[in-house]
Amino acid sequence: MASAYSSDTIDDIVDINESLKQLSVARAQINSLRKQNESLKKQLNEKDLVTANGPSTFNNPEKLELSIIGTIKTKFKERRGVPRQPGLCPLAQACLTISNSIFTNPNHALEGLSDFSHMWILFHFHKNETTHVHAKVSPPRLNGLRTGVLGTRSPHRPSPIGLSLVQIDKVEGNSVYFSGVDMIDGTPVLDIKPYIPHYDAPASLRSDQHVSLFDNGLHQILLDPLTTDREAPDGEETDTYDAMPLSPLHTRVRVPLWITEPLMQQLTVEFSSRAREFLDTLDTNDIEATIVSILKEDPRSVYVRERYSNQFYTFLIGGYHVSCKFDDNKHTISVYRISFVDNMENVPEQEGAQCLSID
């Protein structure tokens with residue numbers, strides 16, 4: 001019996017079957033590449049590295065490679081439903097575990113942290129799968145209007161890094177338990193720092209709004225305006241979160257006494273007649289105040305201060321070269337010369353090169 005299909009039709013069917021086979025092979029290759037990609041991501045995480053804005057190289061200053069110091073365990077397993085800001089759900093707790101791949105004894109790195117009541121957490125938005133970063137975003141409270149991404153706290157950023165202020169509940173071993181969570185489970189942490197209102201709160205809020213209480217002579221408790229009635233800066237909160245009051249624990253900030261009563265006293269800054277004459281010739285009046293603010297806190301490292309009991313010290317402030325002399329016995333520092341810098345490129349950067357012993 002003759003075939004119902006012509007030779008051309010049979011050739012077309014063969015071509016279609018061949019195309020389907022090639023498509024199947026291509027799909028298998030794509031799946032294989034996806035698996036390899038996931039494997040590489042896993043290996044990268046195992047190496048405790050986060051690459052911001054692409055692979056890091058010493059020859060490319062626009063790339064940066066950071067180490068992951070630990071991971072966070074929370075009750076939020078997916079992005080949906082995670083509070084948009086820290087402190088909006090003050091009773092939501094989490095645990096940060098410091099990795100022993102960074103520190104041989106990670107619990108040693110946490111020593112002293114429990115003396116503080118709050119800490120900053122710098123973390124990676126590892127679930128941010130956005131491939132294109134937009135210069136403008138639409139926070140929910142703007143109701144569709146767009147504004148610059150750097151004027152918001154949107155997670156969709158050029159460098160997907162988050163910053164949260166949380167309350168420390170306790171420190172045990174190599175783990176920190178905290179409340180006020182706005183991170184997803186498994187969030188990689190890049191760094192943590194204690195919250196110190198003396199430095200972190202704007203000066204206008206620090207002046208007369210702190211009420212100090214002492215706790216057993218070991219800590220100072222402060223009523224901090226930044227942790228009471230905090231307004232959401234990016235306008236991304238819902239009415240549900242707005243209605244949630246902060247817990248009483250969030251109205252007090254605790255810092256160790258060495259913050260409020262440092263072992264090193266402030267220095268008295270004096271200007272020679274020569275330095276004073278130079279300042280009088282300037283059109284700006286903020287250089288003197290800046291120099292005093294820097295020097296009264298003693299910018300020397302402990303190593304330099306102990307190695308040279310008294311010394312000449314020089315540093316740069318903008319286009320000015322400041323030369324001064326410490327007197328550690330009298331707790332004073334004398335600025336004896338201020339001059340313009342002719343060539344900024346040939347100025348030494350190491351502190352040791354700027355210090356000369358006079359003993």
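Of the residues that make up the range 47-59, is at least one surrounded by 10 or more Cβ atoms within 10 Å (Cβ to Cβ), at pLDDT 75 or above, assigned to a loop (DSSP other than H, G, I, E, B) and touching a Pro at 6+ places or on another chain (Cβ under 8 Å)? Looking for residues that are surrounded by 10 or more Cβ atoms within 10 Å (Cβ to Cβ), at pLDDT 75 or above, assigned to a loop (DSSP other than H, G, I, E, B) and touching a Pro at 6+ places or on another chain (Cβ under 8 Å), one finds none in the range 47-59, hence no. For the range 118-135, filtering for residues that are more than 21 Å from the chain's Cα centre (by Cα) and either in contact (Cβ under 8 Å) with a residue 40 or more places away in the chain or under 30 Å from PRO194 (Cβ atoms) (or both) leaves 0. Close contacts from the range 98-111, counting a first residue that is closer than 17 Å to ILE168 by Cα and assigned by the TED database to the domain that holds LEU122 and a second that is surrounded by fewer than 16 Cβ atoms within 10 Å (Cβ to Cβ) and among the aromatic types (Phe, Trp, Tyr), with Cβ to Cβ under 8 Å and a gap of 6+ residues or different chains, come to ALA109/PHE103.
Let's see how each residue does on (1) in a strand (DSSP E or B); (2) touching a helix residue (DSSP H, G or I) at 6+ places or on another chain (Cβ under 8 Å); (3) assigned by the TED database to the domain that holds GLY81; (4) at pLDDT 85 or above:
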position: ILE221; (1), (2), (3), (4): yes, no, no, no
position: GLU231; (1), (2), (3), (4): no, no, no, no
position: GLY235; (1), (2), (3), (4): no, yes, no, no
position: HIS250; (1), (2), (3), (4): no, yes, no, no
position: LEU279; (1), (2), (3), (4): no, yes, no, yes
position: ILE291; (1), (2), (3), (4): no, no, no, yes
position: ILE294; (1), (2), (3), (4): no, no, no, yes
position: PRO299; (1), (2), (3), (4): no, no, no, yes
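Residues in the range 165-176 that are assigned to a loop (DSSP other than H, G, I, E, B) and surrounded by 13 or more Cβ atoms within 10 Å (Cβ to Cβ): ASN174 alone. When the criteria are applied in full, SER138 meets the requirement of being farther than 16 Å from PRO194 by Cα and modelled with pLDDT under 85. Across the range 135-164, the number of residues qualifying as in contact with a helix residue (DSSP H, G or I) (Cβ under 8 Å, 6 or more places away or on another chain) and either assigned to a helix (DSSP H, G or I) or surrounded by 14 or more Cβ atoms within 10 Å (Cβ to Cβ) (or both) comes to 3. Listed conditions (1) in a strand (DSSP E or B); (2) farther than 30 Å from ALA201 by Cα are all met by SER101, apart from (1). Of the residues in the range 193-201, at least one is at pLDDT 90 or above, open to solvent by 30 Å² or more (accessible area, probe 1.4 Å) and not aliphatic (A, V, I, L, M).
The values are calculated or read from the model by the stated rules, or taken from the named source; none is laboratory data. The model shown is predicted, which means the values in this text are computed figures rather than measured ones. Here the Cβ is made from the backbone with ideal geometry for all residues, glycine too, and neighbour counts use every protein chain on show. What goes into the accessible areas is simple: the full protein's heavy atoms, side chains included, and nothing from ligands, DNA or RNA. Shrake-Rupley method; radii C 1.70, N 1.55, O 1.52, S 1.80 Å.
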